[in-house]
2 protein chains.
Amino acid sequence: MPFPIEIPAAANPQIAAEVAARWNSLTKPPGSLGRLESLVEQLAQAAGTARPSATRKAIAVFCGDHGITAEGVSAYPKEVTRQMVLNFLAGGAAITVLCRRFQIVPYIVDAGVDADPTEGAINLRIARGTANFARGPAMSISQAEQALHNGIRFANTLRPVCDLAATGEMGIGNTTSASALLCAYRQISPEQAAGPGTGLDAPGVQHKVHVLRDALRLHGRIADPVEVLATFGGFEIATMAGFLLGAASARLPVVVDGFISSVAALAAHAINPAVLPFLFFSHVSAEPAHQRLLAELHARPIFDLDMRLGEGSGAALAMPVFDAAIALYDNMATFAEARVTNRE
Amino acid sequence: MPFPIEIPAAANPQIAAEVAARWNSLTKPPGSLGRLESLVEQLAQAAGTARPSATRKAIAVFCGDHGITAEGVSAYPKEVTRQMVLNFLAGGAAITVLCRRFQIVPYIVDAGVDADPTEGAINLRIARGTANFARGPAMSISQAEQALHNGIRFANTLRPVCDLAATGEMGIGNTTSASALLCAYRQISPEQAAGPGTGLDAPGVQHKVHVLRDALRLHGRIADPVEVLATFGGFEIATMAGFLLGAASARLPVVVDGFISSVAALAAHAINPAVLPFLFFSHVSAEPAHQRLLAELHARPIFDLDMRLGEGSGAALAMPVFDAAIALYDNMATFAEARVTNRE
């Protein structure tokens, strides 16, 4: 049963021709701005206009807790999720510092933190954390569908006030959930999918591999993409997957952060592959499986700075690249305007 | 005869310890901001303080003409250098668009354009373009020394009003000069050092290789780094090399742009290797030899976006990465301030 969401095409030859003509009229050798030129073309195709904007930027930071933390898979205790939500709202976390610096509006989305609702966070709570997927499914199918719908609706709410969105996340234990999803969607081994997350040592990573292997064996091979998400997902990951689908359906381009956000993109892609041209992959994380995951999605990240913080920090750092690309595209002089001699 | 300029050390263990302690106190897993953390440490070592600033940013765009263009080595005619200087000053070029977007003060430096002086450009002119190094040295030793001194003095002028500088260039023909310098400083073959520049086709690159091979044979092996610069350099490259040396001597960190700027860094390094810790390499250019050149300098670029425009466009695009790194370092909450539980 495919999840019912329609996504428009993002390959209009008219738009491609207009964007190329504009770039080639500007005072620079053709193609010399490299990926800045192709980013604008993708943005144009996603937004459905040859003159896309990236002025109004927003980042949605999806937060949730994970039952799998009972298996001792994280370097930090579970209460840190809730503490970091407060830190986001107070403006002291990395993502909120970057949002202030780069004029990005942060939306802190509580998709299922194991605590009372937090004032100032957007309440899309499914439950107080997922169940432990080492024992049974992390959530029910209907919870997964609810999370997807929450994400879709939130993207639709954002569309009229936003030109370019981004995703980030917070959830102690969520690299384990993300690694399980990567294994289940792509038949990748736990050894290849597991990494240190927030900072496990080698025995810690080994333990995570064992937990993943046992859980994958427990649940067996699952074909339906929403059932995979329900079995191993986090509420923040499922809500983010819905957000990506909803954004694509509304032609809102989204900059995806690191490993966890890319797994949400993988889930969204499994539900409807037409989501992909609407997504930009900001960076390759130091979490080892991220490189493999990006290759699975045929995605080329914008930069590689060994970051592995999550929260959307990599996506926020990519925003000035879009600012630059659009500023150049909009404001550079043409050869004619500047009276510069073009090559023959 | 080493060029006489003293450069201070940039490896203070006290500063290293203070920077690491600050990063580790902030609400994130240790090291999880990756290269943003190491960029701040390098900035701190360069500036000589554990709390460096990157608020006041400037870029110096060094412009000059090249006698070697007589050999038909560029896709654009020589008069484009002067036309682009006017485009820089009018604000329509890529670099000036990026400067406006990212609050970088542009200084357009005429180091030897083959035209009358341009109002608004900083006049550090040595001559109206270099001589053709396919026939004889591009400039005299005393012209090279004058250009180096001009760059050093300009860096000293900038120091009191600037926290972080960058370099860019414009000069039709200057990839040929840069490739010759790379060959001469590092005994690299013309085949490895030559590329399409602003857009030569394959036969054009082949011709460039022949021109380089003949010129290198004409001048023979040269040991003195200033003499190498005089033989094959451009006035903009020599002035930029001086600028990098002067900046390092004054503890002004500099973000280096692409292939040509990195060749100026290579020249500066040949004159005094202590310059290196003061330089940041912004990106790896699509000009093929740039990768090799960065490896020669043991430099790891910040990003790779297939750009090959020059002007300082890559260096300007790296500036928000420094903004982000310093904003995080200065403004993130500590674990204690945010009451977030740290790992044991």
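Things to note:
- Using a Förster distance of 35 Å, the FRET efficiency for residue A:55-residue B:6 (Cβ separation, nearest 0.05): 0.15
- Distances between equivalent label points of residue A:128 across the copies, with each point positioned 7 Å along Cα→Cβ, amount to 8.3 nm, shortest listed first.
- Cleavage-rule hits (trypsin sites (Lys or Arg not before Pro)) in region A:1-108: DSSP loop, at most 16 neighbouring Cβ within 10 angstrom: A:56
- Where trypsin sites (Lys or Arg not before Pro) fall in DSSP loop in region B:244-344, at most 14 other Cβ within 10 Å: B:339, B:343
- Extending 7 Å from the Cα toward the beta-carbon at both residue A:210 and residue A:70 defines two label points whose distance is 1.8 nm.
- Dipole of the protein assembly as shown [Lys/Arg +1, Asp/Glu -1 at C-beta], most positive-end residue of A:89, B:235, B:295: A:89
- Aspartates and glutamates with Cα under 14 Å of residue A:57, excluding same-chain neighbours fewer than 8 positions away: A:163, A:323
- 7 Å along Cα→Cβ, label-point gaps from residue B:159 to other copies, nm, shortest first: 5.7
- Dipole magnitude for region B:57-322: about 360 debye, using +1 per Lys or Arg Cβ and -1 per Asp or Glu Cβ, origin at the Cα centre.
- Whole-Å distance, taken between Cα centres, linking region B:253-313 and region A:275-302: 27
- Candidates B:320, B:13, B:196, ranked by Gaussian network fluctuation over chain B, Cα under 10 Å, top entry: B:13
- For region B:1-93, the set of GluC sites (Glu not before Pro) satisfying both a DSSP loop assignment and a count of at most 16 other C-beta atoms within 10 Å is given as B:6, B:79.
- Around the Cα centre of the protein assembly as shown, unit charges on the Cβ atoms of Lys, Arg, Asp and Glu (plus for the first two, minus for the last two) sum to a dipole of about 100 debye.
- Antiparallel DSSP beta bridges within chain B, as percent of all bridges there, nearest 5: 5
- Lys/Arg +1, Asp/Glu -1 at C-beta; region A:57-322 dipole; positive extreme among A:132, A:171, A:59: A:59
- Rounded, prolate or oblate (a/c below 1.5 giving rounded, otherwise prolate when a/b exceeds b/c) for region A:57-322 by Cα gyration tensor: rounded
- Using every pair of separate Cα atoms, the Kirkwood estimate puts the hydrodynamic radius of region A:136-199 at 14.3 angstrom.
- Largest GNM mean-square fluctuation among A:45, A:14, A:291, using chain A with Cα springs under 10 Å: A:14.
- If a spin label sat at a point 7 angstrom from the Cα of residue A:339 along the line to its beta carbon, the backbone N atoms of region B:62-94 nearer than 19 Å would be those of B:77-94.
- For region A:13-104: relative contact order, % (alpha-carbon pairs under 8 angstrom, 6 or more apart): 22
- Computed from the C-beta positions of residue A:105 and residue A:135 and an R0 of 35 Å, the FRET efficiency is 0.35 to the nearest 0.05.
- Chain B: angle of helix B:174-186 to the longest principal axis, Cα-based, in degrees nearest 10: 80
- Straight-line cross-link partners of residue B:78 among the lysines, defined as a Cα under 25 Å from its Cα and at least 8 positions apart when in the same chain: A:28, B:208.
- If R0 is 51 Å, the Cβ-Cβ spacing of residue A:157 and residue B:16 corresponds to a FRET efficiency of close to 0.65.
- Degrees between helix A:141-158 axis and first principal axis of chain A (Cα, 0 to 90, nearest 10): 30
- Once you reduce region A:1-73 and region B:107-181 to the center of their Cα atoms, the two points are 40 Å from each other.
- Computed from Cα positions, the angle between helix B:35-47 and the longest principal axis of chain B comes to roughly 80 degrees.
- Placing a label point 7 Å from Cα along the Cα-to-Cβ axis, residue B:292 is separated from the same position in the other copies by 3.6 nm, shortest listed first.
Every read-out reported here was derived from the displayed coordinates using simple, explicitly stated rules and does not represent laboratory data. None of these values were measured; they are calculated from a predicted model. All Cβ positions, even for glycine, are placed from backbone atoms using ideal geometry, and neighbour counts span all protein chains on display.
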